[in-house]
Amino acid sequence: MARTAVQVAAGLTLVLLLAVIVRLPWAGDLGMHAATLQRLRHDLADPGNPLVDADTQSPYYSPWTVLLGGLARLTGLPVFVVLRLAALAGLALLVTGVWRYVRALTVCGAGNRAAHGAGQRAVFALALLSLLFLWGTAPFLWSGFPGLHSLALTVSYPSTLTLGLAFHLWAWLTAALRRRAGWGTWAGLGTLWAVILLCHQFAGVVATVGALATVLSARPARLPRAVWPRLGAGLLLGVLVLWAWPYYDFFALLGAGAGLESVHRELYRDLPARFGLVLLGVAALAARWRRDRWDPLALFFALGALVFAAGLLSGHYAWGRALPAVLVPAQLAAALETFGAARRTLRAGWAVVLAGALAVGAWAQAGAVGYVVPHDALPRAVEARYREPWTGYHWMTPWVEYGDVVMAETEPARRIPAYGPYTVAPGYPDFFLPDEERRATATEQYFAPRTPERVRRGIERAYGVRWVVDTTGTLHDTGLRAVTRGPEGQTLYAVR
């Protein structure tokens, strides 16, 4: 009965995520990914910068987005429909990846007693629930962090697909080390590793940490000598794929950390509220480590914690994006310990504690229901946990055409390019854009209340501005003609 309940709960949660995909709530970076597909849809070979009218590289042009852009170009499907398809693919890869990795950990794993049949399905369902709900009492919304509320807003992002690929990588690597795989398998593993890094660099770090833990858990001293040249060849092939990718210079990103530290400092704040429930998984890891000093999840956790702590101590806060390498192994360990504890009474007691923690975590993330249920139908307690999605800019598309340049401040600039136009300054940091700071300064100067009209005209000429979006209602300029008004008091102006 308990196993059935776990499977039903996991199934209902997946149904909720499928309903969310239909709605596709807009928050965070959705506009960036939509803009990327817009550029690839119009020019697959040389798309240029996704946000501003400039011919630059972009790390958003990954193997996955190029594939999606090609799909949009061939089929004529709207970008937001393609993003829904991307969300379905990402969710499918995440779920199947968790299944394969959990199976790899339980089959022949030390202390695991549910390796087949209904037991295996229950282990998988509990592992999936732990990944979604075993976080904290305050939801943490960030791409690459697969809590339910976070995943509801980022399921269409490349980070979701990449994390799913990472689970498949760890499972495949585990099997390859056990059965002494041949050269072709190792070449495939190296290529998959490179694709993960190209699609989402931060998730790629997590994947790399997990892969290293997997190799260490196989006890390198006991591995056959034939494994090492094959593993080395796989790594070399992966590096070659990274080097050969034509859309951006992957290795140039190694110098991009300086501009990302302030954004990622947030990852080191409010840790108990955001991730306190994961301590249950840490206790499970300790039990696994006592049974097996080479336990892959314990090694995975230790390496992830090392990277995360190094980011804090060195001030490289972007390294905090490796935090899933700490959380994921602990969450999986919490689920596996329900079936892996030595005595039946321990397993039963652990199941009760884990069920309570999952209930607390589910309540903390109950706001995700708001992306499926009408806002006014939510109970007040759930509504308080709901994050209102952003509004789009479809209201301006009857006038603003693809490739037009729009002058807009940061928040609108994060959404406007999703419909095809460009903005003067990018809404997100752009390592490959050499004049990013100058563009940001020009935008700030344009919207300053005391800026002379002649200065605004000069900025418009310099960047080919045809439209202006004013979010404050205070921009009065004889060189601008009001065309229409949008939500939240916004006004679209045409440059005369």
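The values are calculated or read from the model by the stated rules, or taken from the named source; none is laboratory data. All values reported here derive from a predicted model rather than from experimental measurement. With ideal geometry, Cβ positions are generated from the backbone for all residues, glycine too; neighbour counts draw on all protein chains shown. All accessible areas refer to the heavy atoms of the entire protein, side chains included, with ligands and DNA or RNA removed. Shrake-Rupley method; radii C 1.70, N 1.55, O 1.52, S 1.80 Å.
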For the chain, the charge dipole (Cβ of Lys, Arg +1; Cβ of Asp, Glu -1; about the Cα centre) points to a positive end, and the Cα of Trp99, Tyr419, Leu492 closest to that extreme belongs to Trp99
With +1 on the Cβ of every Lys and Arg and -1 on the Cβ of every Asp and Glu, the dipole magnitude of the range 226-382 about its Cα centre, in debye rounded to the nearest 20, is 640 debye
Taking only the alpha carbons of the range 341-496, the radius of gyration and the largest Cα-Cα distance, Dmax, both in angstrom, are 23.7, 80
Charge dipole of the range 292-433 built from unit charges on the beta carbon (Lys, Arg +1; Asp, Glu -1), centred at mean Cα; most positive-end Cα among Pro296, Val400, Ser314 is Pro296
Put Thr214, Thr345 in order of accessible area, largest first, probe 1.4 Å, and you get Thr345, Thr214
Inter-part gap, Cα centre of the range 315-335 to Cα centre of the range 434-496, in whole angstrom, is 42 Å
Non-local residues with an amide H under 5 Å from the amide H of Thr484, with H modelled 1.01 Å from N and Pro and chain starts lacking one, are Leu492
Yeah, the range 218-286 with a ≥ b ≥ c from its alpha-carbon gyration tensor (a/c under 1.5 is rounded, else prolate when a/b outruns b/c, oblate otherwise) is oblate
Looks like the range 301-368, by Cα gyration tensor root eigenvalues a ≥ b ≥ c and the a/c under 1.5 rounded cutoff (else prolate when a/b is bigger than b/c, oblate otherwise), is oblate
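Please say if the range 131-252 is rounded, prolate or oblate, where rounded means a/c under 1.5 for a ≥ b ≥ c the square roots of the C-alpha gyration tensor eigenvalues, and otherwise the choice is prolate for a/b larger than b/c and oblate otherwise? Write down the numbers at each step before the final one.
Values: a/c = 2.81, a/b = 1.50, b/c = 1.88.
Note, shape of the range 131-252 comes out oblate.
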For the chain, dividing by residue count, accessible area per residue (probe 1.4 Å) in Å² works out to 43 Å²
Nearest 10, in degrees from 0 to 90: the angle of helix 117-133 to the longest Cα principal axis of the chain is 40 degrees
Here the range 268-284 yields Karplus 3J(HN,Hα) values (6.51, -1.76, 1.60; θ = phi - 60°; whole Hz; Gly and Pro given as x) of 9, 10, 6, 4, x, 5, 7, 9, x, 5, 5, 4, 4, x, 4, 4, 5
Given Cβ charges of +1 for Lys and Arg and -1 for Asp and Glu, the option among Leu85, Cys199, Leu216 whose Cα lies farthest towards the positive end of the dipole of the chain is Leu216
Sorted by chain and then number, the residues having a modelled amide H within less than 5 Å of the amide H of Met407, at least 5 places away or on another chain, are Arg466, Trp467, Val468, Val469
By the mean-Cβ-within-10 Å protection proxy, highest first, 305-317, 143-155, 475-487 rank as 143-155, 305-317, 475-487
Rounded to the nearest 10 degrees, the helix 436-447 long axis (Cα) sits at an angle to the longest Cα principal axis of the chain of 50 degrees
